[in-house]
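The values are calculated or read from the model by the stated rules, or taken from the named source; none is laboratory data. None of the values given here were measured: they were computed from a predicted structure. Note that each Cβ is placed from the backbone with ideal geometry, even for glycine, and that neighbours are counted across all protein chains shown. We work out accessible area using only protein heavy atoms, side chains counted, and drop any ligands, DNA or RNA first. Shrake-Rupley method; radii C 1.70, N 1.55, O 1.52, S 1.80 Å.
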6 protein chains.
Amino acid sequence: MKTCIVPGSFDPFTLGHLDVVKRAAGLFDKVYVAIMINSQKTGKFDFAQRKRIAELSCAGLENVEVITADGLLVDLCRALGASAVVKGVRDAQDCTYEINMARMNGFIDESFETVLLPAKPELSFLSSTFVRELMKYEKPLDGALHPVAVAYISVI
Amino acid sequence: MKTCIVPGSFDPFTLGHLDVVKRAAGLFDKVYVAIMINSQKTGKFDFAQRKRIAELSCAGLENVEVITADGLLVDLCRALGASAVVKGVRDAQDCTYEINMARMNGFIDESFETVLLPAKPELSFLSSTFVRELMKYEKPLDGALHPVAVAYISVI
Amino acid sequence: MKTCIVPGSFDPFTLGHLDVVKRAAGLFDKVYVAIMINSQKTGKFDFAQRKRIAELSCAGLENVEVITADGLLVDLCRALGASAVVKGVRDAQDCTYEINMARMNGFIDESFETVLLPAKPELSFLSSTFVRELMKYEKPLDGALHPVAVAYISVI
Amino acid sequence: MKTCIVPGSFDPFTLGHLDVVKRAAGLFDKVYVAIMINSQKTGKFDFAQRKRIAELSCAGLENVEVITADGLLVDLCRALGASAVVKGVRDAQDCTYEINMARMNGFIDESFETVLLPAKPELSFLSSTFVRELMKYEKPLDGALHPVAVAYISVI
Amino acid sequence: MKTCIVPGSFDPFTLGHLDVVKRAAGLFDKVYVAIMINSQKTGKFDFAQRKRIAELSCAGLENVEVITADGLLVDLCRALGASAVVKGVRDAQDCTYEINMARMNGFIDESFETVLLPAKPELSFLSSTFVRELMKYEKPLDGALHPVAVAYISVI
Amino acid sequence: MKTCIVPGSFDPFTLGHLDVVKRAAGLFDKVYVAIMINSQKTGKFDFAQRKRIAELSCAGLENVEVITADGLLVDLCRALGASAVVKGVRDAQDCTYEINMARMNGFIDESFETVLLPAKPELSFLSSTFVRELMKYEKPLDGALHPVAVAYISVI
């Protein structure tokens with residue numbers, strides 16, 4: 001059984017993330033969406049909320065599980081027996097960043113692969129930062145988040 | 001069973017290609033190395049030689065098969081039942097090219113994924129063009145091609 | 001009255017080109033779509049066909065006129081009294097190319113501006129090259145060209 | 001009448017900004033230089049000073065007006081009836097950023113265009129950050145700011 | 001006698017830095033490794049420790065001297081009579097940054113050159129940030145820092 | 001004595017090339033401007049003319065010598081005892097190309113360095129291709145080539 005991890009801060013989980021997760025779910029037997037806890041960065045949503053939003057967005061994807069994790073990605077891969085980390089890439093800048101990250105991870109531990117999936121063009125500008133900006137100025141979130149996530153956010 | 005295609009002109013198949021194929025072979029159940037026949041471009045090696053070099057390089061990788069193919073990649077994916085095309089990416093320029101290619105392929109047929117694997121840093125400058133340049137000036141090919149491929153080339 | 005030129009080889013004129021022309025038509029009083037005749041490059045379509053495809057695609061845009069032109073863009077701008085050249089940009093590579101081109105044009109003649117319009121994300125992978133590839137493999141052109149252009153091409 | 005906005009933090013307004021504004025003033029009937037108030041970021045100059053420096057730099061450009069504004073750019077465009085936002089771009093990195101920004105703005109409201117103007121090469125390294133660095137180390141500001149702005153800064 | 005400066009924050013000095021310094025030492029008669037004191041940024045190591053780590057790493061390179069410095073690089077060049085600043089570049093993003101920096105420095109003072117040395121591929125992902133990340137998660141530093149630097153860090 | 005090579009096709013030698021050579025002449029004791037003969041590519045000027053244009057442009061730079069050479073750059077470096085190859089870089093795309101080239105050269109022979117010098121901003125769009133385009137359309141060459149080269153070209 002091939003397992004992969006889709007890591008991120010997911011603050012919050014967007015339709016762009018969902019597209020990556022769905023495609024990962026088609027390529028791997030098991031997908032962990034890992035909300036990485038980075039103690040230096042406090043976000044818009046707390047980790048329980050981020051987890052809930054990701055879970056609501058991924059509902060129905062049977063081989064996908066949302067977890068929170070801290071520490072290094074390489075250690076998480078070992079712990080979960082993952083053979084790959086999957087990341088979406090939107091443009092050259094994303095790629096430069098991810099290629100470097102992949103090489104750094106490979107320096108520490110060569111036992112897993114980094115798999116980059118090109119973002120769909122119509123989702124290529126979506127990011128959690130953009131969603132938080134939309135929220136700050138009270139713009140609608142439709143088309144940026146899963147409808148169920150939009151509903152959930154509206155009541156918390 | 002998950003199948004992928006690693007397409008290219010492979011004129012010739014380098015250690016950089018081999019690294020991508022090995023990693024694809026760890027992620028997928030079956031890997032087709034597809035030497036794409038592009039009628040407008042004649043190369044250094046003919047297609048039979050390219051196939052032989054790729055086969056010699058991939059010997060021992062049990063789930064890897066070298067084929068030649070023409071036409072569009074999307075049609076090849078359908079014909080082989082492949083769920084993904086795997087490409088190595090060495091830098092931002094490679095990524096820009098591959099992201100565009102993935103979007104074009106997705107425009108024609110959304111039934112397969114493009115999977116990008118960051119090249120190992122020490123192989124990041126290797127290319128078939130570079131190998132042909134080395135050959136032109138009679139430089140040694142060690143470290144650029146598989147030793148068995150080097151031996152084969154020396155006798156053709 | 002402000003006039004601009006949207007130059008290109010338009011072999012053929014795509015929905016990506018149309019989007020740029022429409023937006024230019026909203027910013028300028030008069031838009032010339034200029035099919036630049038580059039004698040070294042023969043294309044898929046001859047210049048009369050390219051003009052016809054562009055005209056059919058732009059029908060209904062009242063301030064848009066399709067012309068063919070040769071020579072340097074700077075000379076064409078002078079001849080038409082254009083204050084700007086408008087180009088669509090899809091990614092960083094396009095921009096690098098266009099910024100350089102703008103600086104070269106400015107070296108010869110500073111009397112007009114280069115205006116870059118970011119491509120809509122869902123059109124960002126479209127190009128004439130891609131359309132010619134679709135044609136070569138007899139794939140449908142819908143979504144890449146204007147429906148009237150598709151109809152026209154099917155009968156020539 | 002066509003109106004555009006040149007937005008920025010302008011902390012302070014440089015000769016690079018002035019070049020973009022002058023060129024926008026040649027393309028549009030009315031240009032608003034909009035000093036965007038971002039509450040999270042305090043700068044070197046307060047907003048009244050930034051406005052004064054921009055006004056002194058743009059003196060003589062009759063169709064240019066300097067304003068301060070907060071909120072989202074899309075809302076400002078609506079409020080001012082602007083058909084375009086104009087930004088200078090210096091290199092591929094600027095373009096990647098602005099193309100994304102344009103797509104995000106287009107997601108919220110498609111009623112205005114983003115227009116990118118390539119920076120003149122001899123101004124391509126100028127930025128407000130660089131000017132603040134020059135000030136910190138008491139280097140002359142000539143060639144980076146308008147002479148009247150230099151004079152104004154020397155007495156505040 | 002030709003003198004150059006290799007500036008940086010060196011927090012800490014890595015094998016990537018060492019490679020750049022060694023190559024600079026082959027091109028210039030005298031190399032200053034300048035630990036630039038940036039008062040706004042406190043680091044992992046204090047300046048005395050950074051200097052010690054750099055000195056231990058460069059031991060045996062006879063024409064290399066490690067110094068700490070503050071202020072602008074252009075002033076340091078003048079003070080030391082340096083004809084060049086040497087920087088390693090790992091990818092397009094590094095280059096964009098350094099080309100801009102070179103142009104800014106040239107704006108202030110044209111009396112010295114910026115010399116960019118492409119990083120060795122196998123060191124191209126190494127950075128001080130990465131080393132600090134390795135330390136945070138208690139991963140081995142071998143292959144990232146000079147062995148003597150690793151030993152020194154283990155006892156402070 | 002430190003020697004470097006500034007290689008290129010120099011078809012023709014521009015003011016951008018001259019700026020790189022002048023700066024190389026300030027950093028090295030001896031500079032060879034090497035017109036690389038690439039048999040597959042015929043140019044606008046023949047090799048004797050290219051050499052003459054480069055020589056006229058570099059007249060007065062006492063430590064600069066113009067040569068023609070064929071074969072691999074690494075072999076030329078060995079033959080001339082050069083410790084470095086010097087290239088001008090204008091933007092991220094140039095850098096990506098040169099970093100790759102440097103790594104390929106380093107694969108064959110690690111005995112020399114690649115030194116990249118950022119182009120002056122006001123020369124950053126100049127290229128031999130652009131000059132040939134100017135010639136084709138009979139535009140003045142002033143500001144693109146050395147005045148003596150302009151005079152020479154006008155009479156051949």
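Observations, loosely collected:
- Amide H to amide H distances under 5 Å link residue E:114 with E:85, where only residues 5 or more positions off or on other chains count and H is placed in the peptide plane.
- Placing a label point 7 Å from Cα along the Cα-to-Cβ direction at residue B:75 gives distances to the equivalent points in the other copies of 4.4, 4.4, 5.3, 5.4, 6.9 nm, listed shortest first.
- Accessible surface of segment D:20-156, 1.4 Å probe, proportion on carbon and sulfur as whole %: 50 percent
- Relative to the longest principal axis of the Cα atoms of chain A, the long axis of helix A:15-27 makes an angle of roughly 40 degrees.
- Counts of other chain beta carbons within 10 angstrom of each beta carbon in peptide C:104-117 average 5.
- Kirkwood hydrodynamic radius of segment A:89-131, Cα pairs, Å: 11.7 Å
- Protection proxy ranking of D:15-22, E:54-61, by the mean of other Cβ atoms within 10 Å over each peptide's residues and highest first, is D:15-22, E:54-61.
- Scattering profile of segment E:1-51 at q = 0.14, 0.22 Å⁻¹ [log10 I(q)/I(0), Debye over alpha-carbon scatterers]: -0.38, -0.80
- Subset of B:22/E:120; B:87/B:139; E:136/F:120; A:120/B:2 violating a 31 Å alpha-carbon distance limit: E:136/F:120
- Accessible surface buried upon B-A contact (total; probe 1.4 Å; Å², nearest 100): 2100 Å²
- Mean separation of Cα contacts under 8 Å, 6 or more apart, over the residue count of chain A: relative contact order %: 30 percent
- Peptide A:122-132 - average C-beta neighbours from other chains (10 Å radius): 4
- Paramagnetic reach from residue A:29 in segment A:55-81 [backbone N under 15 Å; point 7 Å along Cα→Cβ]: A:63-64, A:80-81
- Each copy carries residue F:97; placing its label point 7 Å along the C-beta direction from Cα gives inter-copy distances of 1.4, 1.4, 2.4, 2.6, 2.9 nm, listed from smallest up.
- Think of each Lys and Arg Cβ as +1 and each Asp and Glu Cβ as -1; about the Cα centre, that makes the dipole of chain A roughly 200 debye.
- Distant-in-sequence amide H partners of residue D:145 (H built 1.01 Å from N, under 5 Å): D:15
- Label-point separation, residue A:78 to residue E:47 (7 Å along Cα→Cβ), nm: 3.9 nm
- 5 angstrom amide H check on residue A:89, placed H, neighbours 5+ away: A:117, A:119
- Shown for segment C:82-100: residues covered by the partner protein chains by 30 Å² or more of accessible area relative to the chain by itself (probe radius 1.4 Å), namely C:91, C:92, C:93, C:95, C:96, C:99, C:100.
- Dipole of segment A:3-155, positive end: most advanced residue of A:80, A:95, A:123 [Cβ charges, Cα centre]: A:123
- Formal net charge of residues neighbouring residue D:113 (Cβ-Cβ distance under 13 Å; K, R +1; D, E -1): +2
- In the protein assembly as shown, Rg over Rh equals 0.94, where Rg is the alpha-carbon radius of gyration and Rh the Kirkwood radius from pairwise Cα distances.
- 12 Å beta-carbon shell around residue F:156, net charge (K/R +1, D/E -1): +2
- Copies compared at residue B:9 - label distances in nm, ascending, label defined 7 Å from Cα in the Cβ direction: 1.7, 1.7, 4.3, 4.5, 4.7
- Accessible surface ranking for A:5, A:156, 1.4 angstrom probe, highest first: A:156, A:5.
- Scaled radius of gyration (Cα, divided by 2.2 N^0.38 Å) that chain D gives: 1.01
- A protection proxy built from the mean count of other Cβ atoms within 10 Å ranks the segments F:112-125, A:141-154, C:105-118, most packed first, as F:112-125, C:105-118, A:141-154.
- The protein assembly as shown - charge dipole about Cα centre, Lys and Arg +1 at Cβ, Asp and Glu -1, debye rounded to 20: 0 debye
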